[in-house]
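As structure tokens, the structure follows; a few thoughts come after it.
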Amino acid sequence: MDAEPDGLLNILEKHGAELHALLTRLTLRADVAEDLLQELFLKLRDAKAFARAENSVAYAFRTAINLAYDWRRARRCTVTLAHEPPTAAMSPADSLIRSEEVDQVLDALEWLSPVDREIVVMHYLRHQPYAEIAQTIKKTEHQVRGLCHKAVGRLRDFLGAAAGGPE
Amino acid sequence: MRREHRMNDNDEVISRLEGLGQWQPAPAATDRALERVRRALREPAVPPRSKPRRWRLPAFAAAVLIIGGGLGIWLMRSSPSARASLAEMQHVMKEARTVSFRQVTRLKGKPDQVTRMLIRSDGVVRSEESDGTYTVTDMPKFEALLVNPGKHEATRLRGVNVPQVNLYEMIKNLPADASARALAGKTIDGKKAFGVVVTLQGHELTVWADARTRLPIRMEAHQEEGEEAGDAVLDDFHFDTLIDSNIFSMAAPTSYKVKTTGIATLPPPPSPDQAKQMVATPLVGLGPVRFRMKREEVEKLLGKPDAVEELGPSHGFHLNYGSRGFFISGGKTNGVFTISCVSQICVVVRVHDFAGRTDKGIRLRASEAEIIKAYGKPDQRTTNRGSTYLEYRKLNTSFTLFDDKLVEILLMRPPPGK
């Protein structure tokens, strides 16, 4: 097993929980997130690009996002497997997770470019500040703010919310 | 004003995203997911075997890997339209405790190989060959018993590097990604069946299941090129039938001559300081061990090996220092003649990866380019089934790589006078 500081096991121990949380947020399915987490690490183990990556942690998270979206794309074509309906006993957070609106937003994210999607996911689902995102994707903080704002605007458009006025 | 209006519209989207970002999965779910990854990463990736090393597992290992690995990959790549079918199979398989099937392997230019497999859900597997020999493998215990009734002999292998695959577990933990495609249904042996096709490491695996019971009834794999071009068909599946538990016994039949080899428990790996001393020098040796040293000298310098095997009537020796990632072989008279420093990925027995280096700083996982930079262009470079061999004749040394990562350093005794 890789014993280097950013080796696979190290990433699992330091960032595994966050990766799992991210996959769960992107799929809204605990069972799917568990499977995708395993798939992610097996993929990273075999990926030459991961071994060469300048920032292996960022690579791992990017791959996780892509895996989740591959799953979401595929899922659209099928009858959804049994999905627990909201119940009165659920917490507000659980209700939110299971709400159709959240699913719509996640679906809408698919229509963004991979970079825009990554920025939105990193900022809102991973709570990363713009400065940190900028460092990861090698843009300025100002650029990242702008891209994020535009991306969210596109999500709004996609979701058919009330149109804003012209710029 | 205009900007504020846009912000309000965005707020709804942002609030959904922020709300989602606050949500955390249950700690138990995260712990389970992480542990599952740790287990998966402990399993070595299974490359095609490049050259036979030490013990060869019989065909069942390949069969189990096809089944386990194939199904594993199949599950991970199931198409959306197929997932309902796979989920149904998954649910039904969860209830079964044994499964048996027949595997017929047809390789070009070779006679058909027929193997009967019996798999118990606790990880004990029995494979029976058409010549009467059979093997029982206890995967959780890394142990296998090879029995040859024709010779009244049995070999017990301890510390076998078997993947920790569990057929039922693999079906149960159905990943949701999708690349498999569903097939039109057909009738197989009078039963209506539905099928899916998945791609396993570039090869297609077709799985057919009974439309009524949702259990697999046939699987087909085909390989067009290479040394093992041919087909494998798995059929005659039986689930949860009454099977005499004695056939899964790891005890050798009475009165058989039993040879035991390998180690039951792998000792811990060397410390970093100990690993530093392990320098493999072509034409010289490994650490303090020199070519031509007698076995007693080696053991005095390195300590007792994890296991010892005597080779042939001339009482050669094979010293297993697998916990330190190397093996030393030699003759009784002429002493040490080969030293092999290995990665788990290329040996059948359980080892710790060799943590030392060569005299020029080459360590396991080094690339071909790094090796060439250190030792120059090899005298011969060959590839076989994904493995690359670099041979340096003047150094009596070869390097084996898989997927451009060094997995074995083999040093051989120099000719006399060198």
Log entry, pairs with first residue in segment B:398-413 being over 14 Å from residue B:282 (Cα atoms) and away from every other protein chain (no Cβ under 14 Å), second being in a strand (DSSP E or B) and at pLDDT 90 or above, beta carbons closer than 6 Å, six or more apart or on different chains, reads B:400/B:407; B:400/B:408
Worksheet item: Could you say whether any residue in segment B:152-175 is among the aromatic types (Phe, Trp, Tyr), over 25 Å from residue B:37 (Cβ atoms) and either at pLDDT below 85 or touching a Gly at 6+ places or on another chain (Cβ under 6 Å) (or both)?
Response: no
Residue B:125 passes all but one of the listed conditions (1) surrounded by fewer than 21 Cβ atoms within 10 Å (Cβ to Cβ); (2) within 16 Å of residue B:240 (Cα to Cα); (3) within 16 Å of the chain's Cα centre (by Cα); the exception is number (1)
Note on segment A:39-50: residues crowded, with 21+ Cβ neighbours inside 10 Å and facing chain B (nearest Cβ under 9 Å) are A:39, A:40, A:41
Residue pairs qualifying under the 8 Å Cβ cut-off, at least six apart or on distinct chains, with the first in segment B:330-349 being within 13 Å of residue B:319 (Cβ to Cβ) and in contact (Cβ under 8 Å) with a residue 12 or more places away in the chain and the second being surrounded by fewer than 20 Cβ atoms within 10 Å (Cβ to Cβ) and of a type in the set (Asp, Glu), are B:335/B:297
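Would you confirm whether any residue within segment B:266-286 is closer than 30 Å to residue B:152 by Cβ and assigned to a loop (DSSP other than H, G, I, E, B)?
Scanning segment B:266-286 turns up no residue that is closer than 30 Å to residue B:152 by Cβ and assigned to a loop (DSSP other than H, G, I, E, B).
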Among the residues of segment A:17-32, the number that are within 22 Å of residue B:16 (Cα to Cα), in a helix (DSSP H, G or I) and either of a type in the set (S, T, N, Q) or more than 7 Å from chain B (Cβ to nearest Cβ) (or both) is 7
Checked B:350, B:363 against criteria (surrounded by 14 or more Cβ atoms within 10 Å (Cβ to Cβ) and either at pLDDT below 95 or within 30 Å of residue B:141 (Cβ to Cβ) (or both)); the one match is B:350
Please indicate, with yes or no, whether at least one residue in segment B:247-265 is at pLDDT below 80 and among the aliphatic types (A, V, I, L, M). no
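The values are calculated or read from the model by the stated rules, or taken from the named source; none is laboratory data. The structure presented is a predicted model; accordingly, all values stated were derived computationally and were not measured. Note that we place each Cβ from the backbone using ideal geometry, even for glycine, and neighbour counts take in every protein chain shown.
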